[in-house]
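The values are calculated or read from the model by the stated rules, or taken from the named source; none is laboratory data. Owing to the predicted nature of the structure, the values given are computational and were not obtained by experimental measurement. Here Cβ is always computed from backbone atoms with ideal geometry, including for glycine, and neighbour counts include all displayed protein chains. Ligands, DNA and RNA are stripped out before the accessible areas are found, and what is left, the full protein with its side chains, is counted by its heavy atoms. Shrake-Rupley method; radii C 1.70, N 1.55, O 1.52, S 1.80 Å.
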Amino acid sequence: MKLIIFGPPGSGKGTYSSKLKEMFGVEKIATGDIFREEIKKGSELGRKVEKYVKEGKLVPDEIVIEVVKERIKGLEKFILDGFPRTVNQAKELLKLTKIDAIIKLNIHEEILVEKMLGRRICSNPKCDGNYNIANIHKVVEGIEYYLPALLPKNDMICDKCGSPLIQRDDDKEEIIRQRIKIYEEQTKPVLEFFKKETKIPIVEIWVNRPVEEIVNRLIEELKKLKI
Ligand code: AMP
């Protein structure tokens with residue numbers, strides 16, 4: 001099972017990839033995570049990509065492709081998150097391996113903004129506590145959203161470690177809209193390429209319900225493809 005997952009920032013790509021990892025044993029390969037890790041380590045690769053990542057610019061294709069090539073070598077099951085981001089990367093990927101399906105997470109921008117503004121994370125860097133104070137129940141262009149708040153038991157205190165909850169620096173409305181815009185600009189041509197030039201099935205999923213329901217829907221769709 002070789003998959004690509006597309007979706008705007010905050011749509012839950014990380015959550016759904018982790019669920020697919022648990023259920024199908026796919027290896028999650030997220031190029032952004034790899035680069036951040038290498039930068040932290042101060043490795044040669046980290047030093048090469050640092051300025052691009054810090055400025056939010058795309059890392060040159062040759063570097064990204066080399067990284068992905070090494071990571072997918074010999075793997076039978078993987079999910080790519082954050083790659084490919086250019087048509088050239090998509091073409092190079094198809095030279096290296098076949099892809100069984102593309103998952104595209106859909107969510108309206110106004111819901112995404114509300115969801116990201118509501119996100120609260122644990123202030124303890126060692127804890128992965130993640131909550132959301134937004135309680136979304138509304139219809140946008142015929143899609144009914146039901147995304148209940150994920151609140152801690154005690155007001156603004158992490159259930160896991162008792163530290164105060166905070167908002168992420170990049171979860172500010174202006175920055176969120178900018179990140180969504182960049183995603184739309186980058187992703188559209190890549191999806192168009194896959195639609196026009198390949199026969200890879202694209203599974204479109206609306207992320208309008210709580211995670212467990214969406215995971216079940218996703219699994220049903222993937223099962224139908226018999227991959
Ligand atoms: P992400 O966590 O996916 O938003 O990626 C963080 C940063 O890593 C991006 O802003 C780029 O600088 C770099 N990056 C990640 N994936 C790619 C890619 N496929 N092509 C070029 N740059 C990338």
Practice problem: Determine the share of region 146-192's accessible area contributed by carbon and sulfur atoms, expressed in whole percent, with a 1.4 angstrom probe. | Solution: 54
Exercise. Quick one: check the C-alpha center-to-center distance for region 141-170 versus region 42-79, whole angstrom.
Key: 32
Quiz item: What does the charge add up to near residue 130, with Lys and Arg as +1, Asp and Glu as -1, over the other residues with Cβ less than 11 Å from its Cβ?
Solution: +2
Quiz item: Roughly how big is region 55-126's charge dipole about its Cα centre, with Cβ charges of +1 (Lys, Arg) and -1 (Asp, Glu), in debye to the nearest 20?
Solution: 260
Self-check item: Accessible area per residue in Å² at 1.4 Å probe, computed on region 94-227
Solution: 60
Quiz item: For the charge dipole of the chain, defined by +1 on Lys and Arg C-beta atoms and -1 on Asp and Glu C-beta atoms about the Cα centroid, which residue among 131, 112, 64 has the Cα displaced farthest towards the positive pole?
Solution: 64
Practice problem: Mind running the shape call on region 82-169? Use the C-alpha gyration tensor, a ≥ b ≥ c as the square roots of the eigenvalues: rounded below 1.5 for a/c, prolate if a/b tops b/c, oblate otherwise. | Solution: oblate
Exercise. Pick out which of 67, 139, 207 has the largest mean-square fluctuation in a Gaussian network model of the chain, springs linking Cα atoms closer than 10 Å.
Key: 139
Quiz item: Can you list the HN-Hα couplings for region 74-82, worked out from phi with the Karplus curve (6.51, -1.76, 1.60; θ = phi - 60°), rounded to whole Hz and with x for Gly and Pro?
Solution: x, 7, 9, 9, 8, 10, 9, 10, x
Exercise. Rank 62, 27, 141 by mean-square fluctuation in a GNM of the chain with C-alpha springs under 10 angstrom and give only the top-ranked residue.
Key: 141
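Using the Cα centre of the chain as the reference point, and only Cβ charges (+1 on K/R, -1 on D/E), how large is the resulting charge dipole? Debye, rounded to the nearest 20. All intermediate terms of the calculation are to be shown ahead of the outcome.
Values: 43 positive and 38 negative charges, 114 e Å.
So the dipole magnitude of the chain works out to roughly 540 debye.
Given contacts defined as C-alpha pairs under 8 Å and at least six residues apart, what's the relative contact order of region 83-227, whole-number percent? Kindly include the intermediate steps, with their values, before the conclusion.
Values: 169 pairs, mean separation 45.5, N = 145.
So the answer I get is 31 percent.
Please say if region 141-227 is rounded, prolate or oblate, where rounded means a/c under 1.5 for a ≥ b ≥ c the square roots of the C-alpha gyration tensor eigenvalues, and otherwise the choice is prolate for a/b larger than b/c and oblate otherwise?
In terms of gyration-tensor shape, oblate.
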Practice problem: Straight distance only, please: which aspartates and glutamates reach the Cα of residue 41 with their own Cα at less than 13 Å, same-chain residues fewer than 8 apart left out? | Solution: 33, 50
Exercise. Would you mind checking which residues have amide H under 5 Å from residue 145's amide H? H placed 1.01 Å from N; only 5 or more apart, or other chain.
Key: 138, 139, 140
Self-check item: Solvent exposure of region 19-90 as accessible area per residue, Å², 1.4 Å probe
Solution: 58
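Counting only complete DSSP H runs, which helices of the chain cover 20 Å or more along their long axis at the Cα atoms and score a mean Kyte-Doolittle of -0.5 or above? Show your work: numbers first, answer last.
On the way: long enough: 173-197 (36 Å, -0.98); 211-225 (21 Å, -0.07).
Counting only whole DSSP H runs, the qualifying helices are 211-225.
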Quiz item: Which FRET efficiency value, to the nearest 0.05, do you get for residue 1 and residue 50 by plugging their Cβ-Cβ distance into 1/(1 + (r/R0)^6) with R0 = 41 Å?
Solution: 0.80
Exercise. Name the residues whose placed amide hydrogens come within less than 5 Å of the amide hydrogen of residue 28, ignoring near sequence neighbours (fewer than 5 apart) on the same chain.
Key: 79
Quiz item: Size of region 10-115 along its principal axes in angstrom, Cα-based, largest extent first?
Solution: 37, 34, 27
